[in-house]
Amino acid sequence: MEIVYTRGGVIPYPGNSTENKTGSWRVFKPVINYEKCIRCMICWQFCPEPAILKIKDEDVKKNTPAPKEPIKRLPVPEIDYDYCKGCGICYNECPVNAIDFVKEER
Amino acid sequence: MTENYEDMEFFAPGHGMCAGCAAPIIVKWVLKLSGPNTIVVNATGCLEVATTAYPHTSWRIPWLHVAFENSAAAASGVEAALRATGEKANVIVFGGDGGTVDIGLQALSGMVERGHNVLYVLYDNEAYMNTGIQRSSATPWGAWTTTSKVGKANPIGKLRPKKPIARIIAAHNAKYVATANPAIFQDFKKKVQKALSYEGPRFLHVLSSCTTGWRHDPSKTIEILRLAADTGLFPLYEIIDGDIENMRITYHPKKFKPVEEYLKMQGRFRHLLKNPDLVKKLQDDVNAWWEKYGYH
């Protein structure tokens, strides 16, 4: 009898759940209003996915609108819609109500 | 501990945890603070099932899954192996309340008694949420679950209070024991850092809300957890070297909110609000706790 060897349960690389685009779960969608955002990063802190990125790129920092000029020195929160499940924690916790929570349209 | 990994994510998105679940917030921050030199042992539970659906994993660090009851035993082995080979790494266990307070208590007790250098993080969502909201010994008094149903015969829900797991582990003379709440973020972060800085068995009891089991809107997760602290229902304290007499309360709400505020946001407590006597009993229990221990 011939024995056929197959590969076992191999997970090709750590953290490969990023292949699951959980953004498709979303019913409501958080949208950051950068005119109001003070870049306190509370949304980033509490995002359970994590689907809020902390962008430190100097050009992004400078070119993203902000309510006051000095705020442009801070990193920018950016929502990764590939993974955002639309729980709304960021919208609920934002201290300056800079996140709108709108119905997702596909 | 010298390097700062706060801007790195060791817990990848794309996992299957419910929208609005608090457990990934706890996990991502514990990993951000412990850094890449970490081995995680994960008890069976929501966290394990939802983050490692084959052929995917959300863990970017070494991760070991064992059964419900033996995560602390497996972590003891990992730590002993590290000691034998002279390597250094943070060994961290993540377990839910079922896998810690009920089924894994014996293994945890043994791990602490043997003095293994492991940080055990209990994320407590107060029931067996993964299997369908069955009551656990960490379910609070008065909560509805599918096995503590509310009706004419029982208007209360769960009839027994929550097991004081942090004090039980502290009674083993664990190096560091603390209760924490991710909504009280600075306190939570400080406790994780402090726990990581010690050698020996350490235990963190972290409250974690469950949108499906607690029956609340996913966006209210942090708000509800904050109310758990501000009503005094989930006191935040730390106990070092098992010195329960000198337990230190780390978060005193500026002004205590009435427990109704916490109850009315969750479907699992809806029945209590119909009966003011039950709410009063809970408020009296909270007041009694703070009267007894609040001076710490």
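Readers should treat all values here as calculations from the given coordinates under stated rules, not as data from a laboratory. Keep in mind that this is a model prediction, so the values were computed, not measured. Quick reminder, even Gly has a Cβ in these numbers, built from the backbone with ideal geometry, and neighbours come from all protein chains shown.
Which whole-number percent of Cα pairs in segment A:47-106 have a distance greater than 13 Å? Percent of Cα pairs beyond 13 Å in segment A:47-106: 67.
Loop-resident GluC sites (Glu not before Pro) (DSSP state other than H, G, I, E or B) in segment B:55-117 with no more than 16 further Cβ atoms inside 10 Å of their Cβ: B:E87.
B:I133 sits among other residues whose Cβ lies under 13 Å from its own Cβ, and their net charge, with Lys and Arg +1 and Asp and Glu -1, is +3. When you restrict to C-alpha pairs under 8 Å that are six or more residues apart and normalise by the size of chain B, the relative contact order lands at 15 percent. All C-alpha to C-alpha distances of chain B, sorted into 5 Å bins beginning at zero, yield P(r) values of 1, 6, 12, 17, 20, 17, 13, 8, 4, 2, 0, 0, 0 percent in whole numbers. For segment A:30-106, the list of GluC sites (Glu not before Pro) that fall in a loop by DSSP and count at most 12 other C-beta atoms within 10 angstrom reads A:E35, A:E105. Equivalent ellipsoid of segment A:1-62: semi-axes from √(5λ) of the C-alpha gyration tensor, largest first, are 41, 15, 10 Å. Note: relative contact order over segment B:171-296, using C-alpha pairs below 8 Å and six or more positions apart, is 26 percent. Separation of segment B:232-296 and segment B:172-213, taken as the distance between their Cα centroids, equals 18 angstrom. Note: relative contact order over segment B:52-146, using C-alpha pairs below 8 Å and six or more positions apart, is 27 percent. For the pair B:D217 and B:K281, a Förster radius of 35 Å applied to the C-beta separation gives a FRET efficiency near 0.85, rounded to the nearest 0.05.
Among residues other than B:N117 with Cβ under 10 Å from its Cβ, the summed charge is +2 (Lys and Arg +1, Asp and Glu -1).
Over the Cα atoms of chain A, each weighted equally, I'd like the Debye log10 I(q)/I(0) at q = 0.13, 0.18 Å⁻¹, rounded to two decimals. For chain A at q = 0.13, 0.18 Å⁻¹, log10 I(q)/I(0) is -0.54, -0.89. Structure shown: which of B:K162/B:K292; B:K152/B:K255; A:K21/A:K62; B:K191/B:K220; A:K56/B:K32; A:K21/B:K32 lie over 28 Å apart, alpha-carbon to alpha-carbon? From the list (B:K162/B:K292; B:K152/B:K255; A:K21/A:K62; B:K191/B:K220; A:K56/B:K32; A:K21/B:K32), the Cα-Cα distance tops 28 Å for B:K152/B:K255; A:K21/A:K62. Averaged over peptide A:24-30, the number of partner chain Cβ atoms lying within 10 Å of each residue's Cβ comes to 1. With K and R counted +1 and D and E -1, the other residues having a Cβ less than 9 Å from that of B:G14 yield a net charge of -2. Restricting segment B:158-242 to GluC sites (Glu not before Pro) that sit in a DSSP loop and have at most 13 other Cβ atoms within 10 Å of their own Cβ leaves B:E199.
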